[in-house]
Amino acid sequence: MRTIERKSGAGVLLAVLLCLSLGVLQGCYSLSGASLPPHLNRVAVPLFEDASQAGIAQFRETITRKVTDKIESQSSLSIESDPTRADALLTGLILSYTDEPSQLGSTTERAVTNRVTIVIKGEFEDRVKNTLLFSQSFIGFSDYSVGSFSAQQAAITNAMDQAADALFNRMVSNW
């Protein structure tokens, strides 16, 4: 009979420890701040403007598509083609594109790797409450080995992805 009491006492102790652990860990992670205000359901995202003078074909379309794909797949917002019917408006501007040496060779002092850096600016407007939610710049960058066209194209894609991710994360956070 004594072993039965010990087992039930251990079970109670385990249950108490589990409840305490869950209570302590509850404050470690919160989903609040990760969703949009409930009155925002439709967002218009016009084609980003390009002030970078990079001369990259389809630059505006690609970065705009990356942002809209994120919105559609990872938020409750739907894309509205007509800005006058949208609850929110996200406008974007490609501020700059650079492709510069990031690492020099020790003996030749020539670039071994280059860094692609893309800076975009996003403005997110709540059209229901007629307020500007944010106006902020976002940066994406990626290094690649000099002399490889495919590595350069991958770096451009990675830099665009980073900038688009940062813009999207800003849209859906801090509520």
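3J(HN,Hα) along region 115-127, derived from phi through the Karplus expression 6.51 cos²θ - 1.76 cosθ + 1.60 where θ = phi - 60°, amounts to 10, 8, 10, 10, 10, 10, 10, x, 10, 10, 10, 7, 7 Hz, with x in place of Gly and Pro.
If R0 is taken as 41 Å, the Cβ-Cβ distance between Ser75 and Ala111 corresponds to a FRET efficiency of 0.55. Couplings 3J(HN,Hα) for region 153-169, derived from phi with the Karplus relation 6.51 cos²θ - 1.76 cosθ + 1.60 (θ = phi - 60°), are 5, 5, 5, 4, 4, 4, 5, 5, 4, 4, 5, 5, 4, 5, 5, 4, 4 Hz, where x marks Gly and Pro.
With θ taken as phi - 60° and the Karplus curve 6.51 cos²θ - 1.76 cosθ + 1.60 applied, the whole-hertz 3J(HN,Hα) list for region 82-87 is 9, x, 6, 9, 8, 7 Hz, x standing for glycine and proline. Per-residue extension of 0.36 nm, minus the Cα-Cα distance of Ser173 and Phe134, leaves a gain of 12.9 nm for this segment.
For Arg127, the residues 5 or more places off, or on other chains, whose built amide H falls under 5 Å of its own are Ala88, Leu89. Each of the peptides 103-110, 166-173 was scored by the mean count of other Cβ atoms within 10 Å over its residues; in descending order, highest first, they stand as 166-173, 103-110. Multiplying the residue separation of Glu123 and Thr98 by 0.36 nm and removing their Cα-Cα distance gives an extension gain of 6.8 nm.
FYI, it's all coordinate maths here, none of it is from the lab. Source: prediction; values computed, not measured. So basically every Cβ, Gly included, is an ideal-geometry build from the backbone, and we count neighbours across all protein chains shown.
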